[in-house]
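S.K.: Okay, here's the structure, questions in a sec.
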2 protein chains.
Amino acid sequence: MLRTARNTASAVADGEARLPIDTILVGDCIDHMNALPAGSVDLIFADPPYNLQLAEGLTRPDQSKVDAVDDDWDKFESFAHYDDFTRRWLKAARRLLKPDGAIWVIGSYHNIFRVGTALQDLDYWMLNDIVWRKANPMPNFRGTRFTNAHETLIWAARSQKSRVTFNYEAMKLSNDDTQMRSDWLFPICTGSERLKDESDGKVHPTQKPEALLFRILNATTKPGDVVLDPFFGTGTTGAVARKLGRHFIGIEREDAYVAAALKRLAAIKPVRADALETTVPKRAAPRVPFGSLIEQGLIAAGTEIYDERRRHSALVRADGSVASGPFSGSIHRVGALVQGAEACNGWTFWHFEHEGLLRPIDALRADIRAQMQLLSA
Amino acid sequence: MLRTARNTASAVADGEARLPIDTILVGDCIDHMNALPAGSVDLIFADPPYNLQLAEGLTRPDQSKVDAVDDDWDKFESFAHYDDFTRRWLKAARRLLKPDGAIWVIGSYHNIFRVGTALQDLDYWMLNDIVWRKANPMPNFRGTRFTNAHETLIWAARSQKSRVTFNYEAMKLSNDDTQMRSDWLFPICTGSERLKDESDGKVHPTQKPEALLFRILNATTKPGDVVLDPFFGTGTTGAVARKLGRHFIGIEREDAYVAAALKRLAAIKPVRADALETTVPKRAAPRVPFGSLIEQGLIAAGTEIYDERRRHSALVRADGSVASGPFSGSIHRVGALVQGAEACNGWTFWHFEHEGLLRPIDALRADIRAQMQLLSA
DNA sequence: GGTATAGGTGAATCCTCGC
DNA sequence: AGCGAGGATTCACCTATAC
């Protein structure tokens, strides 16, 4: 029997009539996932039990006891049991994903290799492994190993042919205009962000920082997407999803975590809608054929166009093709041919003369797109 | 039939009468390992094929072709075949290790999860996973994923009860007196260190940097130890072992690699024991991209920011971009656009309001850096 | 002889749409 | 489904050449 805790009046969209959006489902994650409709979820974030094999009673050099993860939910009899559990929840998760859906799983060296192998065996398609470098990891108190200063995340598509969401431009521009790398630096979750119980202890032993989820959801979901977290804990995924205008479905077994998550989620304020807007990336911008530049008089048939260094030139013809020596065809084809290259982006390769300077013809396309924007507004 | 290439007159120690020390064994690594005496090796370093499964023909944005790893030795029919190969060589390797011996294996997300699972299944005992962060990785040319900027190493003991060598003090000393962490930063192998053939091409497609092996051997072997490398390639492990006064046994199948390794090893001069200390680069201030200020809650999405004289303003958006009138993009890009300038340092140009006063957003970056410094101290 | 510019390159599972 | 065409995409190094 499944119990459902609903924390908000949920706006249920068409076609998602049975999807318990912005809700925590209380109980076993495999049972709950199997009861949800197939192909209904955009992204899954999972922070499964790590199967830590800790010896009893780790103490710090000052003899104080380390509050280790020793909860029952992290206990498995063997790798075989852990693998069985892992494969069952990953299989249930895959059924829930839309064809272009993706999954994130976080883990440590105790379990991430089992998870990665299972993902590959279940025909997920690996996209990246990401390293969360902890700014403030727990030191290795015994001085017997390297400080365990990172955790590993796997980002995988539902299948090899899935065309997953990746907000490349957002990642790049938020990273001082260079590509976001696979190694991320964040502090662990401490201070006021860390949920405390009545006796001021941690509510959850492995609460993840919101910054981590912020980057994940920003990078691999769109506003309005549905994000499922089968190991919801105290609801970090839900909290960030709400802030970012995404929907969540949480599944959690422990009542104490559910209670803490509900309280936390009730206090979340979504960010302003206009702060969720993103720059339209070039690849999502409407297609503008070169011919329409000529039709609209932005460039005249008979004009000569050049590459940046004037090593090549071509003649713009009335039918939207260009000609250069023995070659003629599209701006792309001719750009490739004159260079002896396989391919070429004619929009950035070719330039026209304007007040003695060369400007890429892509600037004219941008003018047309701006004009289209105005007209449709 | 096994062939043996011996590059030096080897000093054979007592009890190691049959151990081909400081030698390259030419041929299949599993055959060779099975022919060596059990329990005779202190450490194994292995850089096995990664099973990359690359598609045809990746080009850079400038249309130049990427010289991919397409060697036959990296081709496997399926994960099952790769697993079978992995388990066979790891089993042979384990037989060779002394009771307190250990192994290092390096890989990428294509193979490292298979390797890690196999290690655990074969009763190796995992000690750390280590992340080699590449200072200069190849970018993601298509803008479809995060830059694959690291590789993963696993350090594992022969068994749970092995008492492995770990030179904790040496690591701490060489790391500004703080514990060495599990994330290591090194450049990839380029320049004069990279072995070139007659036509100036690379001899081996995946030559590892000596700095990586330096740290590994410094951390987990003692002078005089025997280090086996079953995928010897052009002999980085052997070169560093000799420099550090350790013995090596290399196994390699490809004659071209063996020839290059022999030539390389012949030129190695072991350094004096007292000169083994490595110089440690000063830790640079961590780069803090604007997006991480939002992720970490130092500035909220939806906040307005201004230039010093409030002539311009912009909206901070959740994805790390800012928007001002018709412009949106990075803090730098939009700073330039609103001024009509070519470039702009957004960190000093944009300000936020704090108790009625404008403070540059650069102050928030300084806060994050100070916080990270504190946390890691 | 330094300095500026140009060119090359690295373990990479690297596109999308319409016919 | 496969195919062809449009057109999107790069960072930190290194070396060589030109002044």
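No value in this document is a laboratory result; all are computed from the given coordinates. Everything quoted here is computed from the prediction, not taken from an experiment. Cβ placement follows ideal geometry from the backbone for every residue including glycine, while neighbour counts extend to all protein chains displayed.
S.K.: Per 5 Å bin from zero, what fraction in whole % of the C-alpha pairs of segment B:16-102 is there, up to the bin with the longest pair?
M.R.: Pairs per bin, as whole percents: 3, 11, 18, 19, 14, 11, 9, 7, 5, 3, 1, 0.
S.K.: Taking chain A as a Gaussian network, Cα atoms linked when under 10 Å apart, which of A:Asp177, A:Asp28, A:Asp307 shows the biggest mean-square fluctuation?
M.R.: Of A:Asp177, A:Asp28, A:Asp307, the Gaussian network model singles out A:Asp307 as fluctuating most.
S.K.: Only Lys, Arg, Asp and Glu count, each charged at its Cβ (+1, +1, -1, -1), so figure out the dipole size of segment A:285-375 about its Cα centre, rounded to 20 debye.
M.R.: Details: 9 positive and 10 negative charges, 30 e Å.
In total the dipole reaches around 140 debye.
S.K.: A further question follows. Can you figure out the FRET efficiency of A:Lys91 with B:Ser108, using R₀ = 30 Å and their beta-carbon distance, to the nearest 0.05?
M.R.: Details: r = 25 Å, r/R0 = 0.84.
The pair A:Lys91/B:Ser108 has a calculated efficiency of 0.75.
S.K.: Separate question: Can you work out D for segment A:285-375 in µm² s⁻¹ from Stokes-Einstein, where Rh is the Kirkwood radius over C-alpha pairs, the temperature is 4 °C and the viscosity is 1.567 mPa s?
M.R.: Numbers: Rh = 13.2 Å.
Calculated translational D: 98 µm²/s.
S.K.: Could you list A:Leu262, A:Leu374, A:Leu127 in order of exposure, starting from the residue whose Cβ has the fewest other Cβ atoms within 10 Å?
M.R.: On the way: A:Leu262 18, A:Leu374 8, A:Leu127 22.
Ranked by crowding around the Cβ, least crowded first: A:Leu374, A:Leu262, A:Leu127.
S.K.: Please give, to one decimal in nm, the separation of the simple spin-label points placed at B:Ser199 and B:Arg163, each 7 Å out from Cα toward the Cβ.
M.R.: It works out to 5.6 nm between the two label points.
S.K.: When the label point is put 7 Å from the Cα of B:His81 along its Cα-to-beta-carbon vector, which residues of segment B:36-63 have a backbone N closer than 19 Å?
M.R.: Counting backbone N atoms under 19 Å from the label point, the list is B:48-56.
S.K.: Relative contact order for segment A:247-377: what percent, with Cα pairs under 8 Å and sequence separation of 6 or more? Kindly include the intermediate steps, with their values, before the conclusion.
M.R.: On the way: 130 pairs, mean separation 20.0, N = 131.
Result for segment A:247-377 is 15 percent.
S.K.: For every helix of n ≥ 4 consecutive DSSP H residues, a contribution of -39,500 (n - 2.57) applies; sum these over chain B, divide by its total residues, and give [θ] at 222 nm rounded to the nearest 500 deg cm²/dmol.
M.R.: Value at 222 nm, helices only, nearest 500: -8000 deg cm²/dmol.
S.K.: Could you work out the local net charge near B:Glu77, counting Lys and Arg as +1, Asp and Glu as -1, over the other residues with Cβ closer than 13 Å to its Cβ? Provide the component values of the computation, followed by the final result.
M.R.: Working: positive: B:Lys75; negative: B:Asp72, B:Asp74, B:Asp83, B:Asp84.
Net charge around B:Glu77: -3.
S.K.: Then there is this: If amide hydrogens are placed 1.01 Å from N in the peptide plane, which non-local residues have theirs closer than 5 Å to the one on A:Ile361?
M.R.: Counting only residues 5 or more places away or on other chains, the set is A:Trp350, A:His351, A:Phe352.
S.K.: Taking 29 Å as the cut-off for C-alpha to C-alpha distance, list the pairs among B:Lys91/B:Lys202; A:Lys172/A:Lys208; A:Lys134/A:Lys202 that go past it. Numbers along the way, then the final one.
M.R.: Working: B:Lys91/B:Lys202 32 Å; A:Lys172/A:Lys208 24 Å; A:Lys134/A:Lys202 19 Å.
Result: B:Lys91/B:Lys202 exceed 29 Å.
S.K.: Note the distances from A:Pro270 to each other copy's matching label point, with points 7 Å along the Cα-to-beta-carbon direction, in nm, sorted shortest first.
M.R.: Result for A:Pro270, in nm, nearest copy first: 7.0.
S.K.: Just want to confirm a number: the relative contact order over chain A, from Cα pairs under 8 angstrom separated by 6+ residues, in percent.
M.R.: Over chain A, the number comes to 14 percent.
S.K.: Still on this structure, please answer the following. At A:Gly302, label 7 Å along Cα→Cβ: distances to the other copies, nm, ascending?
M.R.: 5.8
S.K.: Of the DSSP beta bridges with both residues in the protein assembly as shown, give the percent that are antiparallel, rounding to the nearest 5.
M.R.: Numbers: 66 of 106 bridges.
Restricted to the protein assembly as shown, the bridges split so that about 60 percent are antiparallel.
S.K.: Using the 7 Å Cα-to-Cβ label point, sort the distances from B:Asn136 to its equivalents in the other copies shortest first and give them in nm to one decimal.
M.R.: Between copies, matching label points for B:Asn136 lie 3.6 nm apart.
S.K.: Report the calculated FRET efficiency for B:Ser192 and B:Phe327 (r = Cβ-Cβ distance, R0 = 41 Å), to the nearest 0.05.
M.R.: Values: r = 46 Å, r/R0 = 1.11.
With R0 = 41 Å, the Cβ-Cβ based efficiency is 0.35.
S.K.: Could you give the dipole magnitude of chain B about its Cα centre, charging the beta-carbon of Lys and Arg +1 and that of Asp and Glu -1, in debye to the nearest 20?
M.R.: Values: 47 positive and 48 negative charges, 112 e Å.
About 540 debye.
S.K.: So how long is each side of chain B along the principal axes, counting just the alpha-carbon atoms, biggest first, in Å?
M.R.: Principal extents (Cα only, largest first): 81, 47, 40 Å.
S.K.: Okay, next question. Calculate the FRET efficiency for B:Ala343 and B:Thr59 from the Cβ-Cβ distance with a Förster distance of 35 Å, rounded to the nearest 0.05. Don't jump to the answer; show the numbers that get you there.
M.R.: Details: r = 29 Å, r/R0 = 0.82.
The calculated FRET efficiency here is 0.75.
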